[in-house]
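K.L.:
Structure below; questions to follow.
What follows is calculated from the coordinates using simple rules that are stated; it is not laboratory data. No experiment lies behind these values; they were computed from the predicted model shown. Backbone-built Cβ (ideal geometry, glycine too); neighbour counts: all protein chains shown.
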Amino acid sequence: MSDIGYVRTEMLGQLPPPGNTVGIVGWMRSNLFSSVSNTILTLIAAAFVVNLLFSMIPWIFLGVWNADSLSHCREIFDAKYGDGREYACWAVVRDRWDQIIFGYSFGNLNEGLYWRPILGVLLIFVSITPILFPNTSRWLYVATFATLFLYPWLIWGGALAGPVTAALIFIAGYFAFRALAKAMLPSFALGATIVLLAVAFLYLQAPISSVIAAILPIELQPVASREISGFVLSITIGVVAIVVSLPIAILLALGRQSDLLIVNKLSTGFIEIIRGVPLITLIFVATVLLKYFLPSSFDLDPVLAVMILVTLFTAAYIAEVIRGGLAALSKGQKEAADSLGLNYWQAQRLIILPQALKISIPGIVSNFISVFKDTTLVSIVALNDPLGISDSIRSNSDWNGIVWELYGFIALVFWIFCFGMSRYSLYLERKLRTDHR
Amino acid sequence: MKKSVFFGALAFAGLAAGASSAATLDEIKERGKINCGVTEGTLGFSSRDAEGKHQGFDVEFCRALGAAIFDDPDAVEYVELSSKNRFTALSAGQADLLYRTTTWTFSRDVDLKTSFVGINYYDGQGFMVPKSLGVSSAKELEGATVCIETGTTTELNLSDFFRVNGMSYEPLPVGGTTEAKALFEEGACDVYTTDASALAGVRASLKDPSAFVILPEIVSKEPLGPTVRHGDNEWEDIVRWTQNALVAAEELGVTQANVAEMAKGGDNPEINRLLGAEGSLGEMLGLSPDWAVKAIAATGNYGEIFERNIGESTPIGLARGLNALWTEGGLQYSPPFR
């Protein structure tokens, strides 16, 4: 009876999965070599990548950083390697990086002015912190307000009195609005405030700023718009376009959804006209052709003209992205807001826009990234964006013939900025996610 | 009604454009600076050094004007213009003149309402070949493969040249200078053709320039010169005669080094008139009597400017060729100063 040969009394310990299904080998088996055709494709791709790296890595890492000119670089290659191959002549980046980043305005033309754009960009970072990260102190909005006036001063220079006066007039305008809003309808108060501000700028600015100039005799060396170049130019145009276009875009999107005929048609017309014309045409018209029609004494600043146009252009595109977000919300949200007795602006601000904007984040950020890169189009009107500067460096007989080193450096700097924006948008999406999964 | 508004706007635009072209010299004197239109960067003609300062062949002529008017060669604001916006910028008053490697053509002179007031560089299309090809004249290029930038006048000139000489060629179309250079250096084509001054620049940037030669034949006319707006003859005269003064200085042996000495007056009445020791040529232009002395002292004469920026001692290494003085077989010639 008792010849039960073998009975297991306890469970076997778990074995690890077979070696060829886990780890890097398993991953490669399932992803790279899962079938004959995949294997062939993998091998071809691998051969291509390895080949590319074999020529690129020595080119990049055996390059020369210390040289005076391209021909000097080549002498060094011949002496050092003597194999007749080309290596990167990074010396050009070492020699001219300050022109590419800071432009002619703050690069070595005006020795020792680096601090101005650097401080300006730091101010921008501080000022957008309260907008980007909702947990930080509300007091940082003071920095945001100050940056609006300080950044142009740091870039264009001149007397400190100018931006301080403008800021004071705006602060006064805010308190005037608060006082007026108690006495009349808010929309009338807004109109009255705008009129007051215009009057103040016309008649009060000069006397106030001369008083302030007497108290605060601080003056920065002025910089001509034409000299603003390099990444300072790209960042200035890009940041202005990004910051200013968003509110305009929201208004345009709401306008396009509006039942008011004129508002609706104006918004639609604006969006369709701007979107129907290439940005490069708009820039060309604004900086060159407008001069024909304006009196010659009216000097339209080329950088300002470009900023305004890029802003309007971005606003039209983002308006459509936001309209997509608005359309994705169910009608019930609006009806629920109505049933709570909220008026139009309250409903938009508290219920509709937070949800619509959240949906639109990826679209908005990808527009921001593309507008930042589009700032290189200003070279059409002979403003020196980083690419324009690279052309200009090449036209110097020392560096004539250098191509990839400069493009590579510029691409790297652009990539750092754009990658940063893209990461932030992912962070924001995760943070605002309210659905359950 | 609509039509009249339109015409009104047109008339206004015309008036504004007209107003901006009068009395350029007064505007410049009030501003204290000349707005000189230059290229964004053309090897040897206009570029920026590591300090961000402009330099080059065209830039020196702007400096000479600054010196002639203000006695300060740095009283020049350089307006960098692309080939697309240069004429609009000039007529809109953004620049007072162009020294921007601009070819003098009939339609630009007549139709675009600009005036060309001289030729500071006689350019033309040339050919570059590797030495190993063993060719010494463009007429021996029968059956050659030619790298040619598409959509340019050089493409048309090339086919004309080969047709006239009864030769055949194989075109290899390329998109731009950088691509052309790479293909040519690899040996994908036997011949690279473009304007001679640019050709010299490309040659200078090759790994081994001595392995390539530029053939002597020039197959097109590209006279480059200063350009001003139509209708301001006083300003036009200043630009024209400042450039002429530099050419005349070379002809008369006046150099940057000896101009101060020669300005004291000598036996040659032509030099005395040019340098203001005799006569009143400067006053006729509305400038000081020694305007030409200041210009020459700032930049040197035409030959010195040429040698310093694009001449044979520079990496660009252009020969004087057509740009030699008329007394030496070239075309540079100044009308008399009297």
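K.L.:
Taking every residue in B:45-58, how many Cβ atoms of other protein chains lie within 10 Å of its Cβ, on average?
P.N.:
5
K.L.:
Provide the convex hull volume over Cα atoms per residue for region B:174-300, in Å³. Display every interim value, and only then the final one.
P.N.:
Values: hull volume 21.8 nm³, N = 127.
For region B:174-300, the hull spanned by Cα atoms encloses 171 Å³ per residue.
K.L.:
Which whole number gives the average, over all residues in A:97-104, of C-beta atoms from other chains lying within 10 Å of the residue C-beta? Don't skip to the answer; put the middle values down first.
P.N.:
Numbers: counts 0, 2, 4, 0, 0, 1, 1, 6.
So the per-residue partner count for this stretch is 2.
K.L.:
Using the Cα atoms of chain B, I'd like the radius of gyration and the largest Cα-Cα distance, Dmax, both in angstrom.
P.N.:
Reported Rg and Dmax, both Å: 22.0, 73.
K.L.:
Within 15 Å, Cβ to Cβ, of A:GLY324, how many net charges do the neighbouring residues add up to if Lys/Arg are +1 and Asp/Glu are -1? Mind dumping the intermediate values first?
P.N.:
Details: positive: A:ARG256, A:ARG275, A:ARG323, A:LYS358; negative: A:GLU320.
Local net charge: +3.
K.L.:
Here are some pairs, B:LYS264/B:LYS294; B:LYS29/B:LYS264; B:LYS181/B:LYS207; B:LYS84/B:LYS207; A:LYS80/B:LYS207; which of them have Cα atoms lying more than 20 Å apart in this structure?
P.N.:
Flagged as over cut-off: B:LYS29/B:LYS264; B:LYS84/B:LYS207.
K.L.:
Compute the semi-axes of the equivalent ellipsoid of region A:266-401, taking the square root of 5 times each eigenvalue of the Cα gyration tensor, and list them largest first in whole Å.
P.N.:
41, 19, 11
K.L.:
Then there's this: Counting only Cα, what are the radius of gyration and maximum Cα-Cα distance Dmax of region A:158-220, in Å?
P.N.:
13.7, 43
K.L.:
Something else: Can you tell me how much longer the chain between B:THR178 and B:LEU156 gets when fully stretched, taken as 0.36 nm per residue apart minus their C-alpha distance, in nm with one decimal? Could you put the intermediate results ahead of the total?
P.N.:
On the way: separation 22, 0.36 × 22 = 7.92 nm, distance 2.06 nm.
Extra length from B:THR178 to B:LEU156 when fully extended: 5.9 nm.
K.L.:
Also: State the dimensionless ratio Rg/Rh of region B:62-135 (Rg: radius of gyration of Cα atoms; Rh: Kirkwood radius).
P.N.:
In region B:62-135, Rg relative to Rh is 1.13.
K.L.:
Divide by every residue of chain B the summed helix terms, -39500 (n - 2.57) for each DSSP H run of at least 4, and state the resulting mean residue ellipticity at 222 nm, rounded to the nearest 500 deg cm²/dmol.
P.N.:
Theoretical 222 nm ellipticity from helices: -12000 deg cm²/dmol.
K.L.:
Jot down the per residue volume, in cubic angstrom and as a whole number, of the convex hull over the alpha-carbon atoms of the protein assembly as shown. Don't skip to the answer; put the middle values down first.
P.N.:
Working: hull volume 230.2 nm³, N = 775.
Residue-normalised Cα hull volume stands at 297 Å³.
K.L.:
Let me ask another. With no solvent and one point per C-alpha, what does the Debye sum give as log10 I(q)/I(0) for region A:54-127 at q = 0.23 Å⁻¹?
P.N.:
The Cα Debye sum returns log10 ratios of -0.94.
K.L.:
Sorted by mean Cβ packing within 10 Å, highest first, what order do the peptides A:193-202, B:297-306, A:65-74 take? Please report the intermediate quantities before stating the final value.
P.N.:
On the way: A:193-202: 13.9, B:297-306: 22.5, A:65-74: 17.7.
Ranked from most to least packed, the peptides come out as B:297-306, A:65-74, A:193-202.
K.L.:
Given labels modelled 7 Å from the Cα in the Cβ direction, how far is it in nm from A:ASP68 to A:PHE201?
P.N.:
For A:ASP68 paired with A:PHE201, the spin-label model returns 5.3 nm.
K.L.:
Suppose each label sits 7 Å from its Cα in the direction of the beta carbon; what would the B:SER280-B:GLU217 distance come out to in nanometres?
P.N.:
So the two model labels end up 5.6 nm from each other.
K.L.:
List the lysines whose alpha-carbon lies under 24 Å from that of A:LYS334, not counting same-chain residues fewer than 8 positions away?
P.N.:
A:LYS265, A:LYS358
K.L.:
A further question follows. What per residue convex hull volume, in Å³, do the alpha-carbon atoms of region A:1-74 yield? Don't skip to the end; give the middle numbers.
P.N.:
Values: hull volume 12.2 nm³, N = 74.
Measuring per residue, one finds 165 Å³ for the Cα hull of region A:1-74.
K.L.:
On average, how much area does the Cα convex hull of region B:125-220 cover when viewed from any direction, in nm²? Don't skip to the answer; put the middle values down first.
P.N.:
Numbers: hull surface 20.9 nm².
Averaging across all directions leaves 5.2 nm² for the Cα convex hull.
K.L.:
Here's a follow-up. So what is the 222 nm mean residue ellipticity for chain A from helices alone, if each DSSP H run of at least 4 adds -39500 (n - 2.57) and you divide by all residues, rounding to the nearest 500 deg cm²/dmol?
P.N.:
When only DSSP H runs of four or more count, the value is -22500 deg cm²/dmol.
K.L.:
Before anything else, pin down the relative contact order of region B:125-220: Cα pairs under 8 Å, at least 6 apart, normalised by residue count, whole percent.
P.N.:
It rounds to 49 percent for region B:125-220.
K.L.:
Build a GNM of chain B with springs between Cα atoms under 10 Å: which of B:MET167, B:MET128, B:MET262 gets the top mean-square fluctuation?
P.N.:
In the Gaussian network model the winner is B:MET167.
K.L.:
Can you tell me what percent of all Cα-Cα pairs in region B:262-315 are more than 14 Å apart?
P.N.:
When every Cα pair of region B:262-315 is considered, 58 percent fall beyond 14 Å.
K.L.:
Just tell me how shielded B:77-89 is by partners: mean number of partner chain Cβ atoms within 10 Å of each residue's Cβ, no decimals.
P.N.:
Per residue, the average neighbour count from other chains is 4.
K.L.:
Any idea how far apart A:LEU216 and B:ASP267 come out in nm if each label point goes 7 Å out from Cα toward Cβ?
P.N.:
Computed distance between label sites A:LEU216 and B:ASP267 equals 7.1 nm.
K.L.:
With a cut-off of 8 Å between alpha carbons and a minimum separation of six or more residues, what is the relative contact order of chain A in percent?
P.N.:
Details: 430 pairs, mean separation 68.0, N = 437.
About 16 percent, as a whole number.
K.L.:
Follow-up. Out of the DSSP beta bridges found with both residues in the protein assembly as shown, what percent are antiparallel (nearest 5)?
P.N.:
55
K.L.:
First measure r as the distance between the Cβ atoms of B:GLU234 and B:VAL110, then evaluate 1/(1 + (r/R0)^6) with R0 = 25 Å and state the FRET efficiency to the nearest 0.05.
P.N.:
Efficiency, from the Cβ-Cβ distance: 0.70.
K.L.:
Using a Gaussian network model of chain A whose springs link C-alpha atoms within less than 10 Å, name the residue from A:SER422, A:SER55, A:SER267 with the highest mean-square fluctuation.
P.N.:
A:SER55
K.L.:
When the Kirkwood radius is taken over all Cα pairs of region A:96-224, what Stokes-Einstein diffusion coefficient follows at 37 °C and 0.692 mPa s, in µm²/s?
P.N.:
D, rounded to a whole number, is 194 µm²/s.
K.L.:
Here's a follow-up. Show which aspartates and glutamates lie in cross-link reach of B:LYS131 when reach means a straight Cα distance below 20 angstrom and same-chain residues fewer than eight apart are skipped.
P.N.:
B:GLU140, B:GLU142, B:GLU170, B:GLU185, B:GLU186, B:ASP190, B:ASP195, B:ASP208, B:GLU217, B:GLU312
K.L.:
So how compact is chain A: Cα radius of gyration and Dmax in angstrom?
P.N.:
Reported Rg and Dmax, both Å: 29.6, 118.
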